[in-house]
Amino acid sequence: MTKENHEIKKFGTFGGVFTPTLLTILGVIMYLRLGWVVGNAGLMGAWLIILISFLITITTALSMSSITTNIRIGAGGAYAIISQSLGLEVGGSLGIPRYVSQGFAVTMYIFGFREGWLTIFPTHPEFLVDIIVFAVIYGIAYKSADLAIKTQYIIMAIIAASLVVIVMAAYYGSMMYTTADVLTWGSYAGSVENNFSGSDFWIVFAVFFPAATGIMAGANMSGELKDPRKSIPVGTLWAIAVSFIIYMGLAYWIARSANNNELLENYNILIEKSFFPPLMIAGVLGATFSSALASMVGSSRILYAMGAHSVLPASGWLGQLNKTGQPRNAMMVTGAMVFMAMLLRDLNAIAPLVTLFFLITYAMLNVVVIIEQNLGLISFRPLFTVPKWVPWIGLLASVVAMFIINSTLSLMSVAVVIMVYGILSQRKLITPFEDVRSGIFVSFAEWAAKHTAMITHRQERAWKPNLLIPVNDAQSVKGIFSFLKNVAYPKGSIKLLGIGSESISGKLTQQINGLSLAFQQGGVFSSWAVIRTENFSEGVNFANQAYRGSFFKPNIVFLNMSDRESYENDFIEIIRESARLQLGVLVYFQHPKSGFGQRQMINIWIRNRAPNWEISSDIGNLDLSILVAYKLQKNWGARIRIVTVVDNHEQENQAELFISELIDLARLPKTERLIQVGIFDEFILDAPNADLNIFGLVPEPDFKFMEKMVTNTQTTCLFIRDSGMENILA
């Protein structure tokens with residue numbers, strides 16, 4: 001059942017984004033810890049802490065605003081943004097731990113509500129208060145997001161009224177200290193919990209910072225907004241601006257309304273100094289209740305979005321909506337998780353994880369914008385643009401804040417994200433939308449191509465087998481599929497070139513596409529093209545000429561001798577043109593019975609080099625033969641034998657030294673040598689047993705001689721000619 005099947009209540013900017021975001025930021029820390037922050041850091045230090053905290057949130061909010069105006073964001077808020085940019089694996093690796101941590105946040109807000117409630121009714125049982133509050137919050141969230149938003153309107157009115165009584169207190173003379181008295185830096189005395197044994201700026205910052213982490217509350221409702229492109233930027237930025245002014249103003253008011261001892265010792269100082277304390281207590285209860293409600297609603301939407309994208313087990317069930325468009329199944333799982341977290345009773349040990357996963361999410365949102373801005377893709381044209389320094393500040397500030405708050409837990413949080421990413425990567429998730437990963441790979445390839453083109457010397461050490469395989473009959477390739485894969489695997493590539501008349505090109509296209517996919521599934525990069533022509537050699541030669549201008553060009557032309565009867569003259573033309581274009585040639589001649597045998601031994605035949613048996617930078621037409629043999633040796637688990645026939649014993653000694661030095665310099669493992677004194681034509685009749693024999697290919701090949709070698713050796717044979725661009729000694 002998909003979202004499109006339902007009539008879903010859609011929300012505007014004020015109800016869907018501004019209200020939940022503002023209420024989550026104006027939380028329990030504002031009421032119960034802001035006075036302590038001012039008492040430790042002084043008004044100047046408190047203002048600096050507020051500035052740094054909101055700098056992180058405003059830069060992240062600007063980045064989020066930019067990216068949301070460039071995509072069609074679905075349900076899930078930050079999870080949806082990151083998934084649509086960097087893929088489901090990255091989105092899920094952040095979405096799963098963030099969903100869990102947001103569930104713990106609901107529990108902590110419920111505990112905060114309970115503490116406020118017990119100040120009014122100290123005899124009420126703690127667990128009973130928690131259960132009742134949970135039931136009310138869950139019931140509202142389960143009913144509908146619409147009811148949750150309407151409830152938050154009431155809470156916003158209560159919080160606004162609590163701020164009014166602070167203004168009234170100021171009006172009626174609560175600010176007994178002068179501005180000159182309070183514009184100071186603090187002494188960082190500490191807290192009641194550590195017997196005022198001292199603190200520092202960053203400890204106080206770590207206590208305050210969670211107050212500024214509510215900017216995702218509105219974005220979590222992305223799937224239920226009328227116009228998320230407009231509502232998320234406008235609602236989030238206005239909520240940050242309003243809450244910033246409130247925090248700065250409250251810090252100034254409390255600094256002028258209480259002395260330093262009161263600020264340090266009394267967490268309820270804002271309540272007691274207000275004009276009407278009961279309304280402030282109602283504000284505390286309203287703030288914790290609204291934060292818990294917003295987190296309950298938002299976390300269930302994250303879970304639903306991950307279910308809709310098949311990121312989680314039982315995704316089909318989690319991704320369902322009821323007839324009113326509510327993710328009831330995701331809500332039930334979220335409610336169960338929150339209830340189990342409540343049973344722990346003390347979440348102090350994992351409370352910092354909630355903030356850290358928020359910060360990791362903030363960092364990744366900024367990373368998304370940095371990537372998009374620097375790729376320079378025309379697809380990145382947000383309606384809301386930000387300078388390039390904004391996401392960098394957001395990223396660096398988020399990372400620094402993480403390690404300031406708790407470096408050990410920060411590393412653990414990152415490890416959790418990486419572990420979840422690894423698990424999701426193994427699942428081969430199918431992303432239902434375009435993401436920016438292709439742009440990253442293309443940009444990197446372009447960068448590599450440009451820099452490689454600037455290198456003037458030969459890149460022999462970077463050589464990989466990139467085969468061009470002409471195909472006029474897909475069946476002939478299927479018979480040697482495994483062999484071709486073993487030549488190219490793992491880092492080489494295969495380019496399939498279909499050659500056929502107009503009448504057969506359509507069918508050939510389908511066949512070659514299927515072969516290319518099969519190579520890719522086997523771990524070898526493959527691409528394909530089809531040329532409509534009646535002339536086989538012209539089709540291959542024109543393709544090779546065209547490929548010379550590309551970055552990822554073939555360096556070996558593969559010719560299958562099973563097609564010899566039809567294309568013998570064409571093969572000669574292709575071999576000649578390949579020599580001109582500096583392309584290697586591999587001619588494959590399969591034995592009709594033995595095939596590749598047991599794939600245990602590969603013979604490489606070296607011609608008699610007398611009188612010059614010296615190793616130099618040019619070892620003749622041997623480099624590509626040995627390189628191909630080495631690839632097959634690795635992929636087959638075989639051994640190599642280098643074989644040559646010489647005229648006399650003097651040449652035998654020279655050949656022995658040559659082959660020994662060649663094996664050493666070429667770093668060839670499991671390599672034997674065999675040097676025979678005699679006549680080649682006689683020796684080949686009693687050639688050493690092998691599963692594959694490799695010979696050199698002369699510029700004007702004699703196909704009858706090739707066929708004779710297959711018959712005499714009773715094996716499949718390869719005839720190979722270097723391009724001149726390989727070097728086995730590199």
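All of the numbers you see were taken from the coordinates with simple rules; none came from a lab. As the structure is a prediction and not an experimental result, all values here were calculated from the model. No Cβ is skipped: glycine too gets one built from the backbone with ideal geometry, and neighbour counts run over all protein chains shown.
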In the chain the DSSP beta bridges are antiparallel at a rate, in percent to nearest 5, of 10 percent
If R0 = 35 Å, then Asn689 and Gln426, at their Cβ-Cβ distance, give a FRET efficiency to the nearest 0.05 of 0.25
For Val400, Val471, what ranking results if the residue with the fewest other Cβ atoms within 10 Å of its Cβ goes first?
Val400, Val471
Given a cut-off of under 8 Å on Cα pairs at least six residues apart, what relative contact order in percent is computed for segment 457-589?
26 percent
Electrostatic dipole magnitude of segment 457-589 [Cβ: Lys, Arg +1; Asp, Glu -1; Cα centre; debye, to 20]:
740 debye
Between Ser197 and Glu460, with labels modelled 7 Å along Cα→Cβ, what's the label distance in nm to one decimal, could you check?
6.9 nm
For the chain, which DSSP H helices look membrane-span-like by this rule: Cα extent along the axis of 18 Å or more and mean Kyte-Doolittle of at least 1.6?
34-68, 126-143, 145-171, 351-375, 389-426
With contacts defined as alpha carbon pairs under 8 Å and 6 or more residues apart, what's the relative contact order of the chain in percent?
16 percent
Residues of segment 604-636 with backbone nitrogen within less than 17 Å of a virtual label 7 Å along the Cα-to-Cβ line of Glu652, please, listed as ranges.
608-610
Longest segment of the chain with no GluC sites (Glu not before Pro) in a DSSP loop having at most 13 other Cβ atoms within 10 Å?
194-433
Sort Asp146, Asp664 by Cβ crowding within 10 Å, fewest neighbours at the top.
Asp664, Asp146
Measuring from its Cα centre, segment 594-652 shows a charge dipole (+1 at each Lys and Arg Cβ, -1 at each Asp and Glu Cβ) which, in debye to the nearest 20, is 520 debye
Work out, step by step, the length gained on full extension between Thr184 and Ile572: first 0.36 nm times the residue separation, then minus their alpha carbon distance; give nm to one decimal.
130.6 nm
Quick one: if the Förster radius is 51 Å, what FRET efficiency do Ser476 and Leu55 give, using the C-beta to C-beta distance and rounding to 0.05?
0.20
To the nearest 20 debye, what is the magnitude of the charge dipole of the chain about its Cα centre, counting +1 on the Cβ of each Lys and Arg and -1 on the Cβ of each Asp and Glu?
1860 debye
Using a basic spin-label model with each label point 7 Å from the Cα along Cα→Cβ, how many nm lie between Glu126 and Asn612?
9.1 nm
Can you put Thr236, Thr213 in order of Cβ neighbours within 10 angstrom, beginning with the fewest?
Thr213, Thr236
Ser315-Glu682 pseudo-label distance in nm [points 7 Å out on the Cα-to-Cβ vector]:
7.1 nm
Using 0.36 nm times the number of residues separating Val698 and Met168, minus their current alpha carbon distance, what extension gain do you get?
180.8 nm
Candidate lysines - alpha carbon under 23 Å from Lys704, same-chain residues fewer than 8 apart omitted:
Lys593
